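Accompanying notes for the structure given below.
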Number of protein chains: 2
Amino acid sequence: MLSHKAKYALKALLYLAEQDENHISRTIEIADGANIPKKFLEQILLDLKRGRFVSSKQGKFGGYYLIKSKNEITLAEIHRLFDGAIALLPCASLNFYEPCSDCKTESECSLRHGLMLIRDKTLKAMEGITIASLVNK
Amino acid sequence: MLSHKAKYALKALLYLAEQDENHISRTIEIADGANIPKKFLEQILLDLKRGRFVSSKQGKFGGYYLIKSKNEITLAEIHRLFDGAIALLPCASLNFYEPCSDCKTESECSLRHGLMLIRDKTLKAMEGITIASLVNK
DNA sequence: ATTAATTCTATCGATTTACTAGGAATTAGA
DNA sequence: TCTAATTCCTAGTAAATCGATAGAATTAAT
């Protein structure tokens, strides 16, 4: 399941994607528009900024705007940024790989092979969902 | 990601699937064989029993054994039993459906449609992974 | 009865989650 | 330069969840 953070991030990005080019959205505006607790959203937007999905203008009349094309922001990326690995176990993960601590024979985790199949399919599906694909759905 | 419980459950089922027909496995035997904390495994086996994947014989010479064919136990079922919904949000779930609380227009959650596509693909993949398919991998 | 096993209930500590609070830093306009 | 509006940053917190443990009750074979 997605965390609230990830869900809110998607909704915030969706909100930003729906605005006119060059429009700068204040946090409060996004919070109201997408029904997200404002202070919580602040943190999320900062995370999205660190992840280079959005950028911001500070001070009066400041706010946030997309810096990545809505066609290029995928569910997979947002999942990784907020909720980490897409694979079901660390030993089956590409970006968050860690060996199993409880597998007797390191390289022969009985679950790994099957879970890597799942990961590949899930990942492909998640890369197919972009912010653009969600707009006006 | 899978919880430890779900992971241990899969490993326990795998262990049981590898035993001779009619063999009854004690908890301690499974725990040692699959490297699972014994007391924790107890709970997991009880959950698996409630889920009708295994059954048990009590008392001396008691233990656990599979009552469902290893071809019919899928990753999807184990995920649902221990970790709940396979979908990324409750509003996109088949078995654990709940409406979003933060979506303005109930039936028009902006994420729902995309997440249902993911769910369908992930579910299909997870239903393809059975205990039998994992044995000797 | 004794022994060895499952079953059941309760609890614990640590971590994570979902927020909230308060204020510092930054910017623009009056 | 002052003020208002905004982002940015650091803590803190209540609740839930997770991973695991403890111990007593129950059951069955000998």
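What residue among A:Phe96, A:Phe53, A:Phe61 has the largest mean-square fluctuation in a Gaussian network model of chain A, using Cα springs under 10 Å?
The residue that fluctuates most here is A:Phe61.
When all C-alpha to C-alpha distances in chain A are sorted into bins of 10 Å, what percent of pairs does each bin hold, rounded to whole numbers?
12, 38, 27, 15, 7, 1
When only C-alpha pairs under 8 Å and at least 6 residues apart count, what is the relative contact order of the stretch A:75-130, in percent?
Working: 54 pairs, mean separation 22.8, N = 56.
This gives 41 percent for the stretch A:75-130.
7 Å from Cα along Cα→Cβ at both A:Arg52 and A:Asp102: what's the point-to-point distance in nm?
3.8 nm
Between the DSSP loop rule and a limit of at most 14 other Cβ atoms within 10 Å, which trypsin sites (Lys or Arg not before Pro) in the stretch A:1-44 are left?
On the way: sites: A:Lys5, A:Lys7, A:Lys11, A:Arg26, A:Lys38, A:Lys39; in loops: A:Arg26.
Answer in residue order: A:Arg26.
State the percent of C-alpha pairs, over all pairs in the protein assembly as shown, separated by a distance greater than 25 angstrom.
Tail fraction, whole percent: 52.
Stokes-Einstein at 37 °C, 0.692 mPa s, Kirkwood radius from Cα pairs: D for the stretch B:43-102 in µm² s⁻¹?
Result for D is 245 µm²/s.
Which value, in debye to the nearest 20, describes the size of the charge dipole of the protein assembly as shown about its Cα centre when Lys and Arg Cβ atoms bear +1, Asp and Glu Cβ atoms bear -1, and nothing else is charged?
Magnitude of the dipole: close to 320 debye.
With +1 assigned to the C-beta of every Lys and Arg and -1 to the C-beta of every Asp and Glu, and no other charges, what is the dipole magnitude of the stretch A:1-89 about the Cα centre in debye, to the nearest 20?
In debye, rounded to 20, the stretch A:1-89 gives about 300.
Using unit Cβ charges (K, R positive; D, E negative) and no other charged atoms, how large, in debye to the nearest 20, is the dipole of the stretch A:30-131 about its Cα centre? Numbers along the way, then the final one.
On the way: 15 positive and 12 negative charges, 112 e Å.
With Lys and Arg at +1 and Asp and Glu at -1, about 540 debye.
Please work out the Cα center distance from the stretch B:39-101 to the stretch A:17-44, rounded to the nearest Å.
The stretch B:39-101 and the stretch A:17-44 have Cα centres separated by 40 Å.
Rounded to the nearest 500 deg cm²/dmol, what is the calculated helix-only ellipticity per residue at 222 nm for the protein assembly as shown, with -39500 (n - 2.57) per DSSP H run of length n ≥ 4?
Estimated from H runs of four or more residues: -14000 deg cm²/dmol.
Determine by what factor the alpha-carbon radius of gyration of the stretch A:4-66 differs from 2.2 N^0.38 Å, reporting the quotient.
Numbers: Rg = 10.3 Å, N = 63, 2.2 N^0.38 = 10.6 Å.
After normalising by residue count via 2.2 N^0.38 Å, the value is 0.97.
Could you tell me which residue out of A:Ala85, A:Ala6, A:Gly128 lies farthest along the dipole of chain A toward its positive end? Charges go on the beta carbon: Lys and Arg +1, Asp and Glu -1, centred on the Cα centre.
Farthest towards the positive end: A:Ala6.
Please give the length that would be gained between B:Glu72 and B:Phe40 if that part of the chain were fully extended, namely 0.36 nm times their separation in residues minus their C-alpha to C-alpha distance (nm, one decimal).
Length gained, B:Glu72 through B:Phe40: 9.0 nm.
May I ask for the longest run of chain A untouched by GluC sites (Glu not before Pro) that are loop-located per DSSP and have at most 14 neighbouring C-beta atoms (other than their own) within 10 Å?
Between exposed loop sites, the widest span is A:73-137.
From zero up to wherever the largest Cα-Cα distance of the stretch B:85-130 sits, split into 5 Å bins and tell me the percent of pairs in each.
All Cα pairs, binned at 5 Å, distribute as 5, 25, 29, 21, 11, 6, 3, 1 percent.
Each reported figure results from applying straightforward, stated rules to the coordinates on display, with no laboratory input. As the structure is a prediction and not an experimental result, all values here were calculated from the model. So basically every Cβ, Gly included, is an ideal-geometry build from the backbone, and we count neighbours across all protein chains shown.
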